[in-house]
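Encoded as structure tokens, the structure appears first; notes follow it.
The values are calculated or read from the model by the stated rules, or taken from the named source; none is laboratory data. The shown structure was predicted, so the numbers you read here are calculated from the model rather than taken from an experiment. Cβ sites come from the backbone with ideal geometry, for glycine too, and all protein chains shown count toward neighbours. With ligands, DNA and RNA removed, areas are computed over all heavy atoms of the protein, side chains included. Shrake-Rupley method; radii C 1.70, N 1.55, O 1.52, S 1.80 Å.
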Amino acid sequence: MTVVPTAHYLILAAALFCMGMLGVLVRRNALVVFMCIELMLNAANLTFLAFARERGDVVGHLGPFFIIAVAAAEAAVGLAIVIAVFRNRGTVNIEEIQSMKH
Amino acid sequence: MLNTPTVTMFDLHVVLPAAALVFGAIVLMLSEVFLSSPNRTYMAVIALVTSGIAGVVALNNAFEPARLVLQGFAVIDPFSSFMTVMVCLGTGLASLLAAGFLKHRNAERGEFYALMLFAAAGMSLLAASNEFITLFINLEVLSVATYALTAFLRRGPRPAEAGFKYFILGAFAGALLLYGAALLYGATGTTRLSDLATLLPGAMATRGGLVYAGFGLVLAGFAFKVAAVPFHMWTPDVYEGAPTPVTALMSVGVKAAAIVAMVRTFLALVNGLDPQVPFILFSLLALLTMVGGNLLAMPQRNVKRMLAYSSIAHAGYLLLGVTALFVPDAARSSDAGGVLSATPLLANAAVNASVYKGILFYLLGYTVTSIGAFGTLAAIERREDETRSNTWDLERLAGLAQRQPGWAAAMAAFMLSLAGVPPMVGFLGKLYIFSAAVDAGLIWLAVVGVLSSVAGTYYYLRVVVYMFMRPAAADAPATFRHWTTEVALVVSAVATVALGIVPGPIAEWLSRAGMVFGG
């Protein structure tokens, strides 16, 4: 059986991270931006796991569990805030959520 | 065989302040369910007592020698313990401010104080974290609690918007930091900062690219959290939109915890790197943040927004202190050929000790001053104004000296302290930081810092001029007074003046050796 080399995982993770980062910077829908942030966190998870597998290290495997738990807590609060914004404005478009002057 | 880690009672000292805070938060949440008294000021008192207990426990920890605890996942040293004391002070004062503020808005709830205490627990543990996953979890504990606090008055348009922006950018910063940590783990095989410090020089030879990418991402993540220019865009909107007591807590606690964690992280991460790289990056961040914060604050007529920009400028002065830790030792790096020099950058222990003292004293002074300044704003703002755009306009402060002479005097003390005018505590904080920077050889950067701080005096004094020299508007509304607000303002005003006049014991204690583990 052929083993997938670590580099492939890392390239996939880097691609996911860049997609997430670009998405946060260019997308206008709050929910899509939020999903892009999740993509970035998962890229970090995949990187941790790929390196942990390469080294056979347990601590590296444990990290992502904590990260997933933290991401879930963050999603709960984040979605609640998105709902509060939607009730106030009737929109989740980031460009329309600009009431404070710069 | 199961390999159980050995944890002694001695190791647990580091989590005791956070445990006290979490316990208080749970009591508050239960009291919200089981005691339905209409007067809820007692909740602020519970929060105050809890942060007082946690502060005393942390102060006791501050006298213990610096060491690694919990298998190297955390550190107990005077630096982090003193930070926890300041966080507890800030949380206690902010919860007193919140009591009057929330009562006026009929929004007093146990969850509010519980979230404040959870955020404080996160800050306390963040300052002691010595491992990337632990650091990330604590950063998120404090951030998630602060997102919820920012959007707490969710019916108003501004808090929800502020919470939303804070959440998006905070989560983005967290993801950058985490990906950077993953890359550093890949380069070295460890996430513990003290092991990273020893393994990075070796990893530089084989996986230098990963180390630099990881370093840059971690730095960007921290720069967002401390609101350094050019990563500051979220700060004015979030500080303006959040309920004012929450803004007070954010400006002191979140920033202080992030700076302390940043110092601890980068003391480990600079090992093995070309010493010029961290030095140039930190100098640039400090320069942009000091100058940018002050320039952006100048045209603001909205006092709350002005204070938000001023908090950016203050982060810049703190970053100047952090830069002083990473000044390359010119002689040393030239003999080793510079690039892959494994010699530690931090040769000059005396300079570092004065930098730590500067950072901690500055944070202490900023804690009492900033809580007081935002507290005065919280005291004069009125619920009816929440949806208008001129809620915090300078005009609202006009004639405050006739209407509320005590508050005007306190606000004047806070403004002078922020501007760095003696004998206020802000002056001494700046003096310690700038003199540490000069000792480290950062003369030009310190000159820029002093000049930008002089320029900043303009917008602080403008507030004083409005309070004392402009007549009150004829329709100026009566102010809403609450005893807890008055107590918080008196305590912060007295501390602002007293610490400026008699800094002696605290400043002396802060300058002793062994403040930072491994520093």
Legend entry - Sequence of B:T6, B:T391 from largest to smallest accessible area, 1.4 Å probe: B:T6, B:T391
Inset, instruction - Could you run the Karplus curve 6.51 cos²θ - 1.76 cosθ + 1.60 with θ = phi - 60° over the stretch B:205-219 and give me ³J(HN,Hα) per residue in whole Hz, x for Gly and Pro? - result: 5, 8, 10, x, x, 4, 4, 5, 4, x, 4, x, 5, 5, 5
Inset, instruction - Per residue of the stretch B:239-253, in order, report the coupling 6.51 cos²θ - 1.76 cosθ + 1.60 (Karplus, θ = phi - 60°) as ³J(HN,Hα) in whole Hz, putting x for Gly and Pro. - result: 5, 6, x, 5, x, 4, x, 5, 4, 4, 5, 5, 5, 9, x
Legend entry - Computed label-point distance, nm, for sites A:T91 and B:S37 using a 7 Å Cα→Cβ extension: 4.7 nm
Legend entry - Protection proxy ranking of B:267-277, B:195-205 - average other beta-carbon atoms within 10 Å, highest first: B:267-277, B:195-205
Legend entry - Local electrostatic count, A:A75, Cβ distance below 14 Å [Lys/Arg +1, Asp/Glu -1]: -3
Inset, instruction - Per residue of A:44-55, count partner chain C-beta atoms within 10 Å of its C-beta, then hand back the mean as an integer. - result: 5
Inset, instruction - Would you tell me the mean number of C-beta atoms belonging to other protein chains that fall within 10 Å of each C-beta in B:147-155, as a whole number? - result: 3
Legend entry - Accessible area of B:H104 in the full protein assembly, 1.4 Å probe (Å², nearest 10): 40 Å²
Legend entry - Sequence-separation-based contact order of the stretch B:159-292, relative, with Cα cut under 8 Å and 6+ spacing, percent: 34 percent
Inset, instruction - Express in Å², to the nearest 10, the accessible area of A:T2 obtained by rolling a 1.4 Å probe over the protein heavy atoms while all chains stay in place. - result: 130 Å²
Inset, instruction - Please count, across chain B, the pairs of lysine residues with Cα atoms under 24 Å apart that sit 8 or more places apart or on different chains. - result: 13
Inset, instruction - Would you kindly calculate the mean projected area, averaged across all directions, of the convex hull enclosing the Cα atoms of the protein assembly as shown, in square nanometres? - result: 28.1 nm²
Legend entry - Gap separating the Cα centres of the stretch B:11-28 and the stretch B:253-330, nearest whole Å: 30 Å
Legend entry - B:V502-A:L12 pseudo-label distance in nm [points 7 Å out on the Cα-to-Cβ vector]: 6.6 nm
Inset, instruction - Mind checking A:28-36 for the average number of partner chain beta-carbons within 10 Å of each residue's beta-carbon? - result: 2
Legend entry - On Cα atoms only, tilt of B:349-380 relative to the major axis of chain B in degrees: 20 degrees
Inset, instruction - Between beta-carbons, use under 14 Å as the cut-off and find the net charge around B:F361, counting Lys and Arg +1, Asp and Glu -1. - result: +2
